[in-house]
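*Asks:* Got a structure for you, written out below as structure tokens; questions coming shortly.
What follows draws every value from the coordinates through simple rules; no lab data is involved. Fair warning: this is a prediction, and the values are worked out from it, not measured in the lab. A quick note on method: Cβ atoms are made from the backbone with ideal geometry, for glycine too, and the neighbour counts reach across all protein chains shown.
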Ligand code: C5P
């Protein structure tokens, strides 16, 4: 089994514990998932509480354990639907024969069954039971049903059992489960890769108090920098004036003008593998910056403007250029303009969004975009900017590996509109 999610830190994992003697291994599993950078919450069945106390799992996970369905107090905190939505991965360990049977028949009798049914995340089970129960046709058929539905199974191992018998049915060891899910915990996708991101607006001074700018909160660029860093990259974020916290692990360089942003990028681009231009760079700057505040004397005033350097196009034209990603914020004919930008700026990928209308992404925490690249278009549904950034980085990864492998470039056109 591939380790699915070694691609990112802070993966939100819901651990479900059902009632078997192997529940004594659950605290160790939780500890090992956390060691590998996951954030863990726990749901226990009533039977699980006969084997191990909720207090133990609360202590190792660092959060209260969820136990009851439709408990007014619990549901007002994080109800079953919220728990299901929260989880990016669900692991049931141990998964008893009874739980597997209920899961196979789609039951929602208790909190855990309901959450699993309501979750859209990947579900992994680590079965644990007496060897005879494991080998029963009923259990084996349930197992096949679950696997057919895409549920992944880790273990069980074979050997001495708590009941004194010997055979298959021992829950996989916590370290093995954690390894299969998360690898060694190192986010590998962009390990060793250097990423330069521009974000926010630029500020082109006319005088000490006035200037020309573009609308941009910087949220999308900061989310991309955070996602790239979480995916293992070394990230330099070159940002215009914004009110945002620097993402963990990211080196931030604050600039004001487009020229300063250009200089900052050029200083860091030499050893960059990926350049992502999210900044709303001011296209023009005043030719003259007045040393003192300009006084209003005339009814009309003309400001002479000169073009700023195009940072993205400059990077894309470098001899040994990084994989280059641009953004296109358009008010109309989004697709046409985005495709033009792809060609004119000579970049590898353009992320386009409509900025006019009710769903405008300006300052918003969510966004919906379409990715345009040489081989086609990929629409991405509205989601939070961090989630969208993780998706975008996966696409970057995919396109970069194809760029290195010409055979795959052809295969990539399948299923995508060119
Ligand atoms: O040219 P336009 O502003 O339409 O293109 C948008 C894309 O180009 C964005 O990725 C933006 O960050 C980048 N850009 C740049 N330098 C400029 C203007 C835009 O890097 N001077």
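*Asks:* As I understand it, the value is the acute angle between the Cα axis of helix 385-404 and the longest principal axis of the Cα atoms of the chain; what does it come to in degrees, rounded to 10?
*Replies:* 80 degrees
*Asks:* Would you please classify the overall shape of region 37-123 from the alpha carbon gyration tensor, given that a ≥ b ≥ c denote the square roots of the eigenvalues, rounded means a/c under 1.5, and beyond that prolate means a/b larger than b/c while oblate covers the rest? Don't jump to the answer; show the numbers that get you there.
*Replies:* Details: a/c = 1.27, a/b = 1.14, b/c = 1.11.
Judged from the Cα gyration tensor, region 37-123 comes out rounded (a/c under 1.5).
*Asks:* Quick one: if the Förster radius is 41 Å, what FRET efficiency do residue 317 and residue 120 give, using the C-beta to C-beta distance and rounding to 0.05? List each step's numbers first, then the result.
*Replies:* Numbers: r = 43 Å, r/R0 = 1.04.
FRET efficiency, residue 317 to residue 120: 0.45.
*Asks:* Given 0.36 nm per residue, what is the gain on full extension from residue 166 to residue 307 after removing their alpha carbon distance, in nm? It would help to have the intermediate numbers written out before the result.
*Replies:* Numbers: separation 141, 0.36 × 141 = 50.76 nm, distance 7.80 nm.
That works out to 43.0 nm of additional length.
*Asks:* Right, something else. Mind ranking 282-295, 383-396 by how tightly packed they are, going by the mean number of other C-beta atoms within 10 angstrom, highest first?
*Replies:* Numbers: 282-295: 13.1, 383-396: 20.1.
Answer by packing, highest mean first, reads 383-396, 282-295.
*Asks:* Report, in degrees rounded to the nearest 10, the 0 to 90 angle that the Cα long axis of helix 26-35 makes with the longest principal axis of the chain.
*Replies:* 20 degrees
*Asks:* Suppose only helical runs count, i.e. DSSP H with n ≥ 4. What mean residue ellipticity at 222 nm does that imply for the chain under -39500 (n - 2.57) per run, divided by all residues and rounded to the nearest 500 deg cm²/dmol? All intermediate terms of the calculation are to be shown ahead of the outcome.
*Replies:* Working: 16 runs with 144 residues, N = 418.
Taken over the chain, the calculation gives -9500 deg cm²/dmol.
*Asks:* While we're looking at this one, here's another question. Over 27 Å apart: what share of the alpha carbon pairs of region 12-182 falls there, rounded to a whole percent? Write down the numbers at each step before the final one.
*Replies:* Working: 2510 of 14535 pairs.
Value for region 12-182 (Cα pairs over 27 Å): 17 percent.
*Asks:* Pairing the Cα long axis of helix 334-344 with the longest principal axis of the chain, what angle in degrees results, from 0 to 90 and rounded to the nearest 10?
*Replies:* Compared with the principal axis, the helix lies near 70 degrees.
*Asks:* Would you mind calculating the gained length between residue 86 and residue 205 on full extension (0.36 nm times residue separation, minus the Cα-Cα distance), in nm to one decimal? Don't jump to the answer; show the numbers that get you there.
*Replies:* Details: separation 119, 0.36 × 119 = 42.84 nm, distance 4.47 nm.
Gain on extension, residue 86 to residue 205, equals 38.4 nm.
*Asks:* Suppose the chain between residue 191 and residue 213 were pulled fully straight at 0.36 nm per residue; how much longer would it get relative to their current alpha carbon spacing?
*Replies:* Values: separation 22, 0.36 × 22 = 7.92 nm, distance 3.53 nm.
Extending this stretch completely gives an extra 4.4 nm.
*Asks:* Quick one: check the C-alpha center-to-center distance for region 55-94 versus region 152-173, whole angstrom.
*Replies:* 27 Å
*Asks:* Sort the following peptides by mean Cβ neighbour count (other Cβ atoms within 10 Å, averaged over residues), highest first: 261-269, 125-133, 104-112, 243-251. Don't skip to the end; give the middle numbers.
*Replies:* Values: 261-269: 19.1, 125-133: 23.2, 104-112: 17.0, 243-251: 14.0.
Going from most to least packed, we get 125-133, 261-269, 104-112, 243-251.
*Asks:* Let me ask something else about it. So, by mean Cβ neighbours within 10 angstrom, what's the order for 315-321, 232-238 with the highest one leading? Don't skip to the answer; put the middle values down first.
*Replies:* Numbers: 315-321: 14.0, 232-238: 24.1.
Peptide ranking by packing, descending: 232-238, 315-321.
*Asks:* Please label the shape of region 220-282 as rounded, prolate or oblate, based on the square roots a ≥ b ≥ c of the eigenvalues of the alpha-carbon gyration tensor (a/c under 1.5 means rounded; beyond that, a/b larger than b/c means prolate, else oblate). Don't jump to the answer; show the numbers that get you there.
*Replies:* Numbers: a/c = 1.88, a/b = 1.22, b/c = 1.54.
It is oblate, given that a/c is not under 1.5 and a/b is not larger than b/c.
*Asks:* Report the FRET efficiency, 1/(1 + (r/R0)^6), for residue 291 and residue 368, where r is their Cβ-Cβ distance and R0 is 45 Å, rounded to 0.05. Show your work: numbers first, answer last.
*Replies:* Details: r = 45 Å, r/R0 = 1.00.
Computed FRET efficiency for residue 291 and residue 368 comes out at 0.50.
*Asks:* Assuming R0 = 41 Å, what is the FRET efficiency of residue 259 and residue 340, from their Cβ-Cβ distance, to the nearest 0.05?
*Replies:* Working: r = 25 Å, r/R0 = 0.62.
E between residue 259 and residue 340, to the nearest 0.05, is 0.95.
*Asks:* Give the Rg/Rh ratio for the chain, taking Rg as the radius of gyration of the Cα atoms and Rh as the Kirkwood radius, to two decimals. Let's see the in-between values first.
*Replies:* Details: Rg = 26.5 Å, Rh = 24.3 Å.
Ratio of gyration radius to Kirkwood radius: 1.09.
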